[in-house]
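The structure appears right after this line, and notes come after that.
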Amino acid sequence: MFNKILIANRGEIACRVIKTARRMGIRTVAVYSDADRDALHVSMADEAVYIGPAPSTQSYLVIDKILQACEESGAEAVHPGYGFLSENAGFAQRLADADISFIGPNIHAINSMGDKITSKKLAHDAGVNTIPGHADVIDDAESAVTIARGIGYPVMLKASAGGGGKGMRVARNDDECRDGFLRATNEAKSSFGDDRVFLEKFIEEPRHIEIQVLADKHGNVIYLGERECSLQRRHQKVIEEAPSPFLDAATRAAMGEQAVALARAVDYESVGTVEFIVDADRNFYFLEMNTRLQVEHPVTEYVTGLDLVELMIRVATGEKLPICQAEVQLNGWAIEARVYAEDPCRGFLPSIGRLVRYLPPLASDAVRVDTGVYEGGEVSMHYDPMIAKLITHGPTRERAISHMREALNEFYIRGVSHNIGFLAALIEHQRFRDGRMTTNMIGEEYPDGFHPADMIHDDPALLIAVAAAIHRQYMARAAGISGQLPGYERTVSNDWVVVMNNDRHLVEVRPVDGGHDVLYGDEWYQVRSNWQFGQPLFDGTVNGEDVCMQVERRNMHYRLFHWGAQVDLMVLTARAAELLASMPVKHPPDMSQFILAPMPGMLKQLMVEVGHDVRAGQDLAVVEAMKMENVLRAERDGNVAEILAGVGDTLAVDQPIIKFE
């Protein structure tokens, strides 16, 4: 067994590896960039080595710096995590040359499967179902168009060295194909240092289902069931689960056997994932093989009871697999939701900044949180915007969903925008509840993007009752400390008006032991809780049913978050509510003359100059954020009056870039 390993990664996955290594009695070495000096993985590791500036191309992707860190620390092995150098055969070879173990597959397997063009040819030769396409590297945009016409639109342009949704574009016509080729190659070069792109037929209404394989150095290969990863946005997985609600036993076995056959074809060892596209008739086609640990591996760990990181380490030391295929048992159901620093109501634009408050749900047998952040830490513009992975488990899919629903209510984040409301909306969506997902579901259900109206609470009376009870508690405290003379004490009214979405709701609030009784309409709500002033979570019962919701007092408003809905309410006297209706409305300033930065990031390209006439829909600029390129286009015809930012500038959200006359 290794005495010391270095984790050539950062954030959540680095912390995940450290936890298992610590349990196994193995010392760990973290590496960090300028942006990660105070990161959680640095403090968790036994040692830490600085490797350079914030951009990953100058730190985490520089093989020489990782090797130097190994030499300085005396690490015997390297775990690459996922992303960065995890599927880089050159990196594995350099480690082997330095007599340092790579905790992952052999170099032949990485070369064969890590390259998606080569892997498709090998999969076909191994008898694995493959998608029609052009498996060779495409030289330029016009070649891409010619090939796409031959296959037939729609097609998918994909980076050969890609993963995680980077370097992928769907094209439905020649113009989209040309633009997609340019964006895919640029993102591939930025994310992986490899701009090769290939093309394949895009299957309509597909499901993304993957098989987890596990192999040792002695020829033993097994599969550990499947993961349903169909809920995606821009090819980035959002919610995953194991097992799939769609597969039957026969299809599961067939997919597993093909995955094992492919692994055997390249003498695979360690953990790996064979990804398939599955159509509505359960026909499945090989998509790619990831020769590394997957982001969504915790759902497999939950349902199998196996620690995949531990198995990776043991296989790397030469140990045999502790189980055979017949011993693999799938128990219960697990769901993973990826919590990102992004704003779903602004087109999912990434958010950066300090985590002013960060209170994840409490861990239990049913709830797991994998994270690389902490309260007070920073979300950097240089890396993936993932805050945490929230994983829940239950004996049935329904129970796993219920645990997820409750855990999302408890996940309290302030300081950056986040997607918890969006995740809650997906969990509540009937198509998800019924297991009728496809990779197109998010685009189909939210064709105009995700908006606050998509997070309407289905029981507003619950919010009204809790807000009224909290306000009555605040007013009682204020009356008790206001310093009145004896005989002139303030009394607190029981009659209030709750204003929600500009509608007024009359309530009566009576304090009782352990809480309040709230009369709303013709129904009494028994609100019971030990909630104290300033606590971010209201945890209690309403009419005997458990309720947990986030509470924030913002001047005259109470902001409540529950079941994915964020609602601002005011609790006023009748007179105050009457006066509120007469208050003037402040309208936002007119910014229609400007092109604004939709997200924090770097201005990578400007396509216009002062004096240029532009047409609606014309490309104006490219902003790079979190390793993704975002094209800004003109919303109307106009003339460029002023350029307000330069290429290479770091932009804040809503910062003006171009002004029109």
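The values are calculated or read from the model by the stated rules, or taken from the named source; none is laboratory data. A quick note: this is a predicted structure, and the numbers were derived from the prediction, not measured. Please note: Cβ atoms are built from the backbone with ideal geometry, for glycine as well, and neighbour counts cover all protein chains shown.
Scanning the range 339-358 for residues that are part of a strand (DSSP E or B) and in contact with a helix residue (DSSP H, G or I) (Cβ under 8 Å, 6 or more places away or on another chain) turns up just one, V339. Among the residues here, V170 does not qualify as among the hydrophobic types (A, V, I, L, M, F, W, C), at pLDDT below 90, surrounded by fewer than 22 Cβ atoms within 10 Å (Cβ to Cβ) and over 30 Å from L308 (Cα atoms). Evaluating A159 against the criteria (1) over 23 Å from the mean Cα position of the chain (by Cα); (2) surrounded by 18 or more Cβ atoms within 10 Å (Cβ to Cβ); (3) more than 17 Å from G272 (Cα to Cα); (4) touching a residue at least 24 places away in the same chain (Cβ under 8 Å) leaves one unmet condition, (1). Would you say H505 is surrounded by 15 or more Cβ atoms within 10 Å (Cβ to Cβ), under 30 Å from L362 (Cβ atoms) and in contact with a strand residue (DSSP E or B) (Cβ under 8 Å, 6 or more places away or on another chain)? No: the conditions fail for H505.
If you scan the range 234-260, which residues turn out to be surrounded by fewer than 21 Cβ atoms within 10 Å (Cβ to Cβ), farther than 15 Å from G332 by Cα and not hydrophobic (A, V, I, L, M, F, W, C)? R234, H235, Q236, D248, T251, R252, E257 - these are the residues of the range 234-260 that are surrounded by fewer than 21 Cβ atoms within 10 Å (Cβ to Cβ), farther than 15 Å from G332 by Cα and not hydrophobic (A, V, I, L, M, F, W, C).
Looking at this structure, is R472 part of a helix (DSSP H, G or I) and at pLDDT 95 or above? Yes; evaluated as a whole, the condition is true for this residue. Residues that are farther than 17 Å from V137 by Cα number at least 1 in the following strands (runs of 3 or more DSSP E) confined to the range 186-241: 207-215, 221-233.
Taken over the range 563-588, the residue count meeting the criterion of being more than 34 Å from the chain's Cα centre (by Cα), touching a residue at least 12 places away in the same chain (Cβ under 8 Å) and outside any loop (DSSP other than H, G, I, E, B) is 6. Restricting attention to the range 466-477, does a residue exist that is in contact with a helix residue (DSSP H, G or I) (Cβ under 7 Å, 6 or more places away or on another chain), touching a residue at least 24 places away in the same chain (Cβ under 8 Å) and not β-branched (V, I, T)? Looking for residues that are in contact with a helix residue (DSSP H, G or I) (Cβ under 7 Å, 6 or more places away or on another chain), touching a residue at least 24 places away in the same chain (Cβ under 8 Å) and not β-branched (V, I, T), one finds none in the range 466-477, hence no.
Taken together, the residues in the range 1-34 that are within 24 Å of the chain's Cα centre (by Cα), among the hydrophobic types (A, V, I, L, M, F, W, C) and surrounded by fewer than 19 Cβ atoms within 10 Å (Cβ to Cβ) amount to 0.
Among the candidates R504, R431, the residue that is closer than 30 Å to R227 by Cβ and charged (D, E, K, R) is uniquely R431.
Contact map, the range 175-204: residues that are at negative phi and buried (at least 23 other Cβ atoms within 10 Å of the Cβ) paired with residues that are of a type in the set (S, T, Y) and at pLDDT 85 or above, Cβ distance under 7 Å, separation 6+ or inter-chain. Pairs shown: V197/T185.
Tallying residues that are aliphatic (A, V, I, L, M), buried (at least 21 other Cβ atoms within 10 Å of the Cβ) and assigned to a loop (DSSP other than H, G, I, E, B) within the range 407-463 yields 2.
Here I151, I138, I147 are screened, and the one residue that is of a type in the set (V, I, T) and either in contact with a helix residue (DSSP H, G or I) (Cβ under 6 Å, 6 or more places away or on another chain) or without any contact (Cβ under 8 Å) to a residue 12 or more places away in the chain (or both) is I138. Check whether at least one residue in the range 405-412 is in contact with a Lys or Arg (Cβ under 7 Å, 6 or more places away or on another chain), of a type in the set (F, W, Y) and either more than 24 Å from N555 (Cα to Cα) or in the same structural domain as R346 (by TED's automatic domain parsing) (or both), and report yes or no. Yes, the range 405-412 has at least one match.
Would you pick out the residues in the range 108-150 that are within 30 Å of E71 (Cα to Cα) and crowded, with 18+ Cβ neighbours inside 10 Å?
A109, I110, N111, S112, M113, G114, D115
Considering only the range 528-544, I want to know if a residue exists there that is of a type in the set (D, E) and exposed (fewer than 14 other Cβ atoms within 10 Å of the Cβ). No, there is no match, as no residue in the range 528-544 is of a type in the set (D, E) and exposed (fewer than 14 other Cβ atoms within 10 Å of the Cβ).
Looking across V585, V622, one residue alone is surrounded by 12 or more Cβ atoms within 10 Å (Cβ to Cβ) and not assigned by TED's automatic domain parsing to the domain that holds R233. It is V622. Just one of the numbered conditions (1) surrounded by fewer than 20 Cβ atoms within 10 Å (Cβ to Cβ); (2) without any contact (Cβ under 8 Å) to a residue 24 or more places away in the chain is not true of A92: (1).
Residues that are farther than 26 Å from R357 by Cα, more than 35 Å from the chain's Cα centre (by Cα), charged (D, E, K, R) and modelled with pLDDT of 95 or more do not occur anywhere in the range 484-494. Screening Q294, Q258 for residues that are in contact (Cβ under 8 Å) with a residue 40 or more places away in the chain, outside any strand (DSSP E or B) and closer than 23 Å to D384 by Cα leaves exactly one candidate, Q294. Considering only residues that are outside any strand (DSSP E or B) and without any contact (Cβ under 8 Å) to a residue 12 or more places away in the chain, look in the range 491-519 and name the one that is farthest from V551 (Cα to Cα). So, considering only residues that are outside any strand (DSSP E or B) and without any contact (Cβ under 8 Å) to a residue 12 or more places away in the chain, the one farthest from V551 (Cα to Cα) is D513.
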